[in-house]
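**Q** Submitted below is the structure of interest, expressed as structure tokens.
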Amino acid sequence: MEKVYTSNSREETIKLGEKLGRLLKKRDIILLYGELGSGKTVFTKGIAKGLEIEEPITSPTFTLVNEHRGRIPLYHFDLYRLDDYTALYDIGYEEYFYDEGVCAVEWPERLGPLLPKERLEVVIQKEKNEEERVILFKAFGKRYEGILKEMDQ
């Protein structure tokens, strides 16, 4: 199941992420695809807002994962600098993916065989207008199909 949204500003991207964040539950996994500067971290700021996280959200580029506490913990991964997915074993990625929080993963193509079978993929594409984004949601599994249905309510 897929849904497409258009965002005309940073604020709209955050609001869309916030709407998603309000629907998320423990162990949900959101994979964020898009080129550098497409708005993955901006979208994650919205997810955090929906999870009632008050602290600032920045990209964990040099640490692989940042942990944020809110209604549900948010584990924000940035795999951009990851050379080999096996390094995720060293940080205990399974404890994050299958724990009591929500995972938002930027650059998930670097997960290789660790890609979860059930997940929500969010593909963010920059348009010609600098502020405009096309945001495609792809649900893998009944849980995520349910989230997409709720997004429009």
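**Q** Does any residue of region 87-99 turn out to be free of Cβ contacts under 8 Å to residues at least 60 places away in the same chain, under 22 Å from Arg27 (Cβ atoms) and within 13 Å of the chain's Cα centre (by Cα)?
**A** Checked region 87-99: no residue is free of Cβ contacts under 8 Å to residues at least 60 places away in the same chain, under 22 Å from Arg27 (Cβ atoms) and within 13 Å of the chain's Cα centre (by Cα).
**Q** Can you give me the number of residues within region 1-40 that are buried (at least 20 other Cβ atoms within 10 Å of the Cβ) and part of a helix (DSSP H, G or I)?
**A** Total meeting the criteria: 7.
**Q** In this structure, is Asp99 among the acidic types (Asp, Glu) and farther than 26 Å from Glu11 by Cβ?
**A** Criteria met by Asp99.
**Q** Touching a strand residue (DSSP E or B) at 6+ places or on another chain (Cβ under 9 Å), modelled with pLDDT of 95 or more and surrounded by fewer than 21 Cβ atoms within 10 Å (Cβ to Cβ): is that true of Val65 in this structure?
**A** For Val65, the condition - touching a strand residue (DSSP E or B) at 6+ places or on another chain (Cβ under 9 Å), modelled with pLDDT of 95 or more and surrounded by fewer than 21 Cβ atoms within 10 Å (Cβ to Cβ) - is not met.
**Q** Just to verify a result, which residue in region 68-102, among those that are surrounded by 13 or more Cβ atoms within 10 Å (Cβ to Cβ) and among the acidic types (Asp, Glu), is modelled with the highest pLDDT?
**A** Per the stated criteria, the residue is Asp78.
**Q** Show the residue pairs that are 6+ apart or on different chains and have beta-carbon atoms under 7 Å apart, the first residue being within region 18-40 and touching a residue at least 40 places away in the same chain (Cβ under 8 Å) and farther than 18 Å from Leu111 by Cα, the second being assigned to a loop (DSSP other than H, G, I, E, B) and among the charged types (D, E, K, R).
**A** Correct list of pairs: Lys26/Glu100.
The values are calculated or read from the model by the stated rules, or taken from the named source; none is laboratory data. Bear in mind the structure is a predicted one, so any value in this text is a computation, not a measurement. Glycine gets a Cβ as well: all are built from the backbone with ideal geometry, and neighbour counts include every protein chain shown.
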